[in-house]
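So the structure is just underneath, and the comments pick up after that.
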Amino acid sequence: MTHQPQQAIRIAVVGHTNAGKTSLLRTLTRRVDFGEVSQRPGTTRHVESVDLDVNGQAAVRFFDTPGLEDAVALREHLAGFDAQATPPERIRRFLQGPEAHGVFEQEAKVLRTMLDIDAAFLVIDVREPVLPKFRDEIELLNSCARPVLPVLNFVRDTASREPAWKELLSAYGLHVQVRFDAAAPFVGAEQDLYGDLATLLRDRRELLRGVVEALASEAAGRRQSACARIADLLVDAAAVRRTVPSTEFADEARRKALVAALQKAVFDKAQRCTDDLLALYGFRQGDTDEAPLPIIEGRWTLDFFSPEAMKDAGLRLGKGAVIGAAVGVVADLAVAGISLGAGAALGGAIGGAVSQGLGPLGRKLANKLRDVHELTVEDGVLFALAAWQLKLTQALELRGHAATQRITAESPEDGDASTRAAAAAVRGAQPARNHPEWEAGGITTRSFWRPSPQRESLVAELSLALQRAFVEAP
């Protein structure tokens with residue numbers, strides 16, 4: 001006997017104009033392109049629907065409704081209806097009258113939706129003062145005889161009036177309330193939202209439990225994919241190697257051009273990783289009108305090879321965060337972040353071998369005999385790459401798709417989870433230095449390049465090291 005799929009739970013998202021209804025839906029569905037978010041009042045003028053899918057089927061169908069604009073006048077209008085009629089009956093009679101298509105058209109759209117759903121999320125901007133008009137809005141919604149779950153938005157704002165709102169809601173029997181900041185959701189806020197909804201929709205608890213489990217699984221999958229992508233970047237950058245004849249390297253202009261080309265190659269790899277992380281978390285590369293992300297915009301200017309970045313990473317490396325701080329012979333500031341491994345004294349080559357093993361030492365000695373120079377990427381740059389991408393991922397995990405305020409990624413601190421994870425990953429990435437063929441799209445690879453099993457195994461190992469940054473984070 002086959003089980004018929006359960007019908008999606010229908011949820012109306014209601015509330016006053018500009019309370020953050022569309023913003024909430026963007027965050028819950030990870031649809032940054034859903035609806036329109038603006039500071040202008042009354043942005044949403046029509047009822048729009050969007051589904052939350054679980055296992056390929058719609059589990060929850062949300063209805064984004066216009067803002068209630070004149071609940072006070074509508075309440076007075078409804079007072080003239082038959083006093084013997086129940087509240088839902090008065091609402092239905094109102095919807096059949098001409099006012100529902102005229103002066104109260106916006107309210108009618110909301111109430112018509114309310115009569116045809118399982119429950120409603122009442123989104124409240126807790127920064128707003130508790131005015132009499134909000135009492136009329138709550139009474140109108142309660143008149144539809146549908147479960148209403150208040151969602152307290154913007155609770156992190158310093159202008160929050162959360163206690164006053166809780167008191168008002170409780171006075172109207174709305175004792176179950178959820179704190180959910182659509183711009184920067186609390187950890188576990190989604191699970192709380194659906195868990196509390198299950199107390200109002202007891203016959204749909206099984207489906208809602210499935211939604212919570214699916215959301216947790218999706219979150220874990222995104223995190224694993226993010227760490228795997230950062231690990232791939234780390235291996236890719238560690239494998240970068242450019243061999244240059246000493247005669248060509250002796251030309252200052254040519255040398256600077258070669259170093260700049262290598263830096264750009266690594267920088268482009270980092271940018272592609274950033275864009276992949278954006279897409280993974282449901283953000284768009286140029287999505288700055290509604291959700292400006294300066295940390296992401298900065299990917300076009302962030303220079304992992306800058307003296308400041310290298311100094312910061314060098315300090316951490318000097319404290320033992322990463323072994324092999326200077327591989328081979330470190331160049332001057334003109335080529336910061338690049339290791340020159342040959343054409344140098346034998347002692348320098350041996351120094352590089354301490355951190356990289358006999359393989360690089362043998363290669364450096366061979367290069368010296370061939371009178372060539374070898375350019376590779378410093379461990380400090382690898383550390384800066386990994387730590388920054390980790391911090392970006394952590395910021396994206398805590399960012400709602402409706403966010404309009406600016407955010408910044410915290411710099412890695414010595415001894416924090418991100419620093420330790422990035423350090424462990426850089427240590428683990430050292431074998432890639434012996435395999436220039438592991439560089440995706442590198443000079444030694446062809447257009448039909450495919451990662452080797454050994455490379456994929458190393459990426460998987462480094463991914464686990466990076467995931468510790470999230471497990472150990474406070």
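Remarks
- Unique match (being under 22 Å from residue 117 (Cα atoms), modelled with pLDDT under 80 and in contact with a Leu (Cβ under 7 Å, 6 or more places away or on another chain)) among 62, 34: 34
- Search result, residues across the range 261-275 that are surrounded by fewer than 13 Cβ atoms within 10 Å (Cβ to Cβ) and over 25 Å from the mean Cα position of the chain (by Cα): 261, 264
- Condition met for residue 204 (assigned to a loop (DSSP other than H, G, I, E, B) and surrounded by 18 or more Cβ atoms within 10 Å (Cβ to Cβ)): no
- Only one of the numbered conditions (1) modelled with pLDDT under 90; (2) farther than 20 Å from residue 24 by Cβ is violated by residue 234, and that is (1).
- Summed over the range 207-251, residues that are surrounded by fewer than 21 Cβ atoms within 10 Å (Cβ to Cβ), touching a helix residue (DSSP H, G or I) at 6+ places or on another chain (Cβ under 7 Å) and among the acidic types (Asp, Glu) total 1.
- Qualifying residue in the range 239-258 (condition: assigned to a helix (DSSP H, G or I), β-branched (Val, Ile, Thr) and at pLDDT 90 or above): no
- Test: residue in the range 102-110 that is touching a residue at least 24 places away in the same chain (Cβ under 8 Å) and closer than 21 Å to residue 196 by Cβ: no
- Selection from the range 125-145 of residues that are assigned to a loop (DSSP other than H, G, I, E, B) and either surrounded by fewer than 18 Cβ atoms within 10 Å (Cβ to Cβ) or in contact (Cβ under 8 Å) with a residue 40 or more places away in the chain (or both): 127, 128, 129, 130, 131, 143, 144, 145
The values are calculated or read from the model by the stated rules, or taken from the named source; none is laboratory data. For clarity, every value in this text was computed on a predicted model and none was experimentally measured. Cβ: placed from backbone, ideal geometry, glycine included. Neighbour counts: every protein chain shown.
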